[in-house]
Structures are given as C-alpha cells and as structure tokens.
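The values are calculated or read from the model by the stated rules, or taken from the named source; none is laboratory data. Only a predicted model underlies this, so the values are computations on that prediction, with no experimental measurement involved. Ideal geometry is used to build each Cβ from the backbone, glycine not excepted, and the neighbour counts take in all protein chains shown. In case anyone asks, the SASA skips ligands and DNA or RNA and just uses the protein heavy atoms, side chains included. Shrake-Rupley method; radii C 1.70, N 1.55, O 1.52, S 1.80 Å.
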Amino acid sequence: MTTKSATNKVDISKLETRLFINNEFVNSVSGNTFEVVNPATEEVICSVQEAGHEDVDKAVTAAKAAFAVGSHWRTLNGSDRRDLMLKL
C-alpha cells in the first residue's frame, strides 16, 4: 500500500522495494537494484531489488513447497487464499 502527500506524490519511504520470497521480504542474492521510472514524467520513483536466477530458483522452490500435497496453502479455500493475498 502506498500513501500520497499533499502534492499527490507517492511517499517512497512507504514502498517495499525488496523481493517477496517464501512469505518474507528479502534482498536479492546479488544485491543488484534497478530504478523504477514514472513513464509520464521520467522521474525516478525508487530503486528496487533485481531478482537474478538464484532468487528465481529460491522463489520456485518456495512455490513448489507451498503447493505440495498436504501443505497449508493447498488446504485453504479460495476465499482464504484471496484474503491472504490481499494482505500483501
């Protein structure tokens, strides 16, 4: 969720810029970042973590575990899954 100041700009101190892997926010393995640019103004909004192949491998492993037979996520009904996703 972002907040806006009186000038309608995003308060970047409220933005999460890390990767979300295995139910937690983490920095990328490489530590590399890239700038997010507002296409209308070409203003740099913030820098975010850049996922590399190692980060993707970790995310895929976590996702597979989340959907494994008998996992908590897999036993949730659709409404409960939605509620958890909306918390992000």
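The single residue among Arg74, Arg18 that is without any contact (Cβ under 8 Å) to a residue 12 or more places away in the chain and surrounded by 10 or more Cβ atoms within 10 Å (Cβ to Cβ) turns out to be Arg74. Here Glu35 fulfils each of the conditions (1) in a helix (DSSP H, G or I); (2) within 28 Å of Ser13 (Cβ to Cβ); (3) open to solvent by 60 Å² or more (accessible area, probe 1.4 Å) apart from (1).
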